[in-house]
Amino acid sequence: MRAAVAVAQSMEDPLSGLSLREIPDPEEKPGWTRLRVRSASLNPHDVWTLRGVGHPAERIPMVLGCDGAGVTDAGDEVVIHPVLGDPNRGGGDVTLDPGRALLSETVNGSLADFVLVPDACVVPKPTWLSFDDAATLGIVWGTAYRMLFTRARLKAGDRVLVQGASGGVGSAAISLARAAGARVFATARTEAKRAFALEAGAHETFENGVRLPERVDIVVDTVGEATWAHSLRSLQPGGVIVTCGATTGNMPPAELNRIFYQQLSVIGSTGSTRAEFEALLRLLEASGVRPHVDSVVPLDDIASGFQRLIDGDVRGKLVVRVS
């Protein structure tokens with residue numbers, strides 16, 4: 001089968017380690033399901049693997065791809081929930097399992113003709129959801145759902161600021177918060193990206209660092225050092241910052257005096273549980289919200305898709321059509 005494989009790692013030239021090659025089809029085994037991949041999507045996680053960040057060299061080569069949707073050998077249309085682990089080791093929450101991993105970290109990923117995943121990661125694909133849309137959900141939409149509803153406990157009427165609004169998690173958080181009845185502000189670096197945030201559902205958009213018309217209850221921050229001070233200043237007393245990443249750096253000034261005096265909460269969030277993922281699907285059906293697909297590329301042209309991701313030239317999600 002064809003597969004996009006990380007065969008080497010380079011911080012300076014990540015695409016030098018990407019190889020589209022033929023490898024053996026995965027063999028079925030008890031407790032696992034094989035599916036023919038119809039669509040997958042690209043994530044920054046794939047680029048970090050190619051750079052050698054968070055992915056040890058001894059686990060190379062590895063088929064890339066965290067997200068996907070396809071058809072099982074039995075003919076069922078399914079979407080992958082990409083968090084692998086044992087909920088029992090996490091007190092009932094698979095994301096809290098110390099040994100949890102994402103698809104493509106410890107087992108081959110979805111950027112291939114076939115992928116083998118644990119049975120617990122196979123979720124029926126709703127008929128109203130296309131394969132392309134379904135392939136975008138596992139990482140960014142699942143992450144955004146958990147950030148807002150489980151970790152930050154979003155409720156209707158809350159005011160939400162989303163930093164880095166044109167990215168996958170950011171744009172998903174905008175749409176989900178708007179669907180839940182929140183008032184949503186968003187920041188982005190360029191006018192085009194701010195226009196995209198409005199299309200995703202933001203009520204108002206701003207340049208990075210601009211003072212908001214009112215303080216917010218929740219900040220969704222995936223950016224890190226570049227936006228952290230603004231995130232803290234934008235919160236009302238008792239507000240919450242929920243973070244799932246730090247693309248511009250992970251060591252901003254803590255500003256502990258502001259945090260304790262205004263009783264702010266800083267909450268981390270990673271991935272989603274299967275139950276949260278299924279709740280996300282129900283919310284999408286009820287609200288009519290759909291994923292934001294920037295464009296679709298064939299598997300044979302995956303290098304160009306990765307280059308766009310590295311360049312920051314993607315609004316929402318970039319889908320890879322496999323079959």
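Number of residues in the range 103-113 that are under 22 Å from SER39 (Cβ atoms) and surrounded by fewer than 21 Cβ atoms within 10 Å (Cβ to Cβ): the value is 3. None of ALA229, ALA195 is surrounded by fewer than 23 Cβ atoms within 10 Å (Cβ to Cβ), without any contact (Cβ under 8 Å) to a residue 12 or more places away in the chain and hydrophobic (A, V, I, L, M, F, W, C) except ALA195. If the condition is being assigned to a helix (DSSP H, G or I) and not basic (Lys, Arg), then the range 24-67 contributes PRO44, HIS45, ASP46, VAL47, TRP48, THR49, LEU50, ALA57, GLU58. Residues that are at pLDDT 95 or above, in the same structural domain as ARG189 (by TED's automatic domain parsing) and of a type in the set (D, E, K, R) do occur in the range 241-263. Each residue in the range 242-282 was checked for being buried (at least 18 other Cβ atoms within 10 Å of the Cβ) and under 22 Å from the mean Cα position of the chain (by Cα), and 12 pass.
Can you pull out every residue in the range 138-147 that is closer than 16 Å to SER39 by Cβ and either in contact with a strand residue (DSSP E or B) (Cβ under 6 Å, 6 or more places away or on another chain) or surrounded by fewer than 19 Cβ atoms within 10 Å (Cβ to Cβ) (or both)? Even if it seems obvious, please write down each step before you answer.
Filtering the range 138-147 down to residues closer than 16 Å to SER39 by Cβ leaves 138-141.
If the condition is that a residue be closer than 16 Å to SER39 by Cβ and either in contact with a strand residue (DSSP E or B) (Cβ under 6 Å, 6 or more places away or on another chain) or surrounded by fewer than 19 Cβ atoms within 10 Å (Cβ to Cβ) (or both), then GLY138, ILE139 are the ones that fit.
Residues being under 21 Å from PHE196 (Cα atoms) and surrounded by 24 or more Cβ atoms within 10 Å (Cβ to Cβ): count how many of those fall in the range 148-162. Outline the logic, then answer.
Taking the range 148-162 as the starting set, the residues that turn out to be under 21 Å from PHE196 (Cα atoms) are 148, 159-162.
Narrowing further to those that are surrounded by 24 or more Cβ atoms within 10 Å (Cβ to Cβ): 148, 160-162.
Counting residues in the range 148-162 that are under 21 Å from PHE196 (Cα atoms) and surrounded by 24 or more Cβ atoms within 10 Å (Cβ to Cβ) gives 4.
The residue list GLY238, GLY181 contains one member that is part of a loop (DSSP other than H, G, I, E, B) and at positive phi, which is GLY181. Only one of ALA135, ALA172, ALA188, ALA165 is crowded, with 24+ Cβ neighbours inside 10 Å, within 18 Å of GLY268 (Cβ to Cβ) and in contact with a Ser or Thr (Cβ under 9 Å, 6 or more places away or on another chain); which? Checking each option against the conditions leaves just ALA172.
Test VAL220 against the stated conditions and say whether it is in contact (Cβ under 8 Å) with a residue 40 or more places away in the chain, closer than 15 Å to GLY170 by Cα and in a strand (DSSP E or B). For VAL220, the condition - in contact (Cβ under 8 Å) with a residue 40 or more places away in the chain, closer than 15 Å to GLY170 by Cα and in a strand (DSSP E or B) - is met. If you go through the range 177-193 and keep only what is within 21 Å of THR243 (Cα to Cα) and either of a type in the set (Val, Ile, Thr) or modelled with pLDDT under 95 (or both), you end up with VAL184, THR187, ALA188, ARG189, LYS193.
Could you please give the count of residues in the range 55-64 that are over 18 Å from LEU111 (Cβ atoms) and touching a residue at least 40 places away in the same chain (Cβ under 8 Å)? Show your work before the answer.
Step one: of the range 55-64, the residues over 18 Å from LEU111 (Cβ atoms) are 56-58.
Add one more test, that the residue is touching a residue at least 40 places away in the same chain (Cβ under 8 Å), and what stays is 57.
Going through the range 55-64 one residue at a time, the tally reaches 1.
Among the residues examined, ASP86 does not qualify as touching an Asp or Glu at 6+ places or on another chain (Cβ under 8 Å) and in contact (Cβ under 8 Å) with a residue 40 or more places away in the chain.
The values are calculated or read from the model by the stated rules, or taken from the named source; none is laboratory data. Predicted model only: the values in this text are computed from it and were never measured. Note that each Cβ is placed from the backbone with ideal geometry, even for glycine, and that neighbours are counted across all protein chains shown.
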